[in-house]
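The values are calculated or read from the model by the stated rules, or taken from the named source; none is laboratory data. What you see is a predicted model; the values in this text were computed from it and never measured. Cβ placement follows ideal geometry from the backbone for every residue including glycine, while neighbour counts extend to all protein chains displayed.
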Amino acid sequence: MAPTRARVRRRGAATPYLFLTPYLLLFLVFALLPVVLGVWLSLHQWDFQLPNKPFVGVDNYRDLFDSNSVVYSFWWESLGATGIFTLLSVPLLVVLPLGLAVLLNRAFPGRTFFRAVFFAPYVLGVAVIGLLWRFLLDANLGLVNRLLGLVGLPDDTAWVTDLPWAWISLVGVTVWWTAGFNAVIYLAGLQDIPGELYEAAKVDGATAWQRFRHVTLPGLRPVLLFVVTTTILASANLFGQSYLITQGAPGTSTRSVVWYIVEQGIAQNDAGRAAAMSITLTLMLAVVSVANFRIFRYRED
């Protein structure tokens, strides 16, 4: 007997959920479960070497805001270092790739080659980038100081062990490494802006700056939201560059908050406090992300 229309409809209603099941399983195992476990760890004094993990409630969170706590000063120092890096790197990683994308969106010989050249550093891993620039920026043997000496500039700059040079090095290397990715994202957004809008603006007598301001930027608003948000999140998760290039120097001035969390959880065997720090950082970044969505919210005219 042929199935009734209602039976076919009921069977078809389950199809989307069947397609979603593999993703939902992966999400539960690799995303939701670690979050729940992290919250559970943060409520305990969790030392992997000890059999007992006593429940301490919100004490691990309270320690982050208690000036008498042993982790208070280190937590806020690392958080401040991460904030400095974010404030210095994000504007550069938003503005410079945008200008680069506008240039690379023009038609000129070798455009594809230059697109590949600017994107190439991004395919390298952070370990490669860190070790490469650690040697290049070495104060005694580094190629950077040697080249500066050849042109008559000071050749003894402590790029990785002194301030503000350590921050300049970290930000410069990060911009060189990741700017190509943001430029590619911008390029994709630029190619989605209808050319007719630019032609209409030209007919109305708009200058190049006016076309950029009133056509390009509004057309890139969703892309700007993505770039700004992901760049802030990536900068706030700084770890490999400071760990490999400056090694936290001078002292612990460039030790990022993620580095301190890893150190607290693994080197100090205090997974409870490390989990509390991770969740606190996540909540801070969530607030920033929501603020970005509010600032760049798209309104249909």
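Observations on the structure shown:
- Residue check, Gly180 under 26 Å from Thr254 (Cα atoms) and either surrounded by 14 or more Cβ atoms within 10 Å (Cβ to Cβ) or in contact (Cβ under 8 Å) with a residue 24 or more places away in the chain (or both): yes
- Considering residues of the stretch 249-258 that are within 19 Å of the chain's Cα centre (by Cα) and surrounded by fewer than 24 Cβ atoms within 10 Å (Cβ to Cβ) only, the residue nearest to Gly172 (Cα to Cα): Arg255
- Elements of type helices (runs of 4 or more DSSP H) contained in the stretch 4-105, each with 3 or more residues being free of Cβ contacts under 8 Å to residues at least 12 places away in the same chain and either touching a Leu at 6+ places or on another chain (Cβ under 7 Å) or at negative phi (or both): 5-13, 15-27, 33-42, 72-104
- Residue match in the stretch 189-209 (condition: among the charged types (D, E, K, R), buried (at least 16 other Cβ atoms within 10 Å of the Cβ), assigned to a helix (DSSP H, G or I) and at pLDDT below 95): no
- Restricting the stretch 239-252 to residues that are assigned to a loop (DSSP other than H, G, I, E, B) and in contact with a helix residue (DSSP H, G or I) (Cβ under 9 Å, 6 or more places away or on another chain), the residue that is nearest to Leu163 (Cα to Cα) is Pro250.
- Output for the stretch 128-165, where each listed residue is among the hydrophobic types (A, V, I, L, M, F, W, C), in contact with a helix residue (DSSP H, G or I) (Cβ under 7 Å, 6 or more places away or on another chain) and surrounded by fewer than 17 Cβ atoms within 10 Å (Cβ to Cβ): Leu131, Ala139, Leu143
- Qualifying residues in the stretch 253-297 (those that are touching a helix residue (DSSP H, G or I) at 6+ places or on another chain (Cβ under 6 Å) and farther than 25 Å from Trp40 by Cα) - the one modelled with the lowest pLDDT: Phe296
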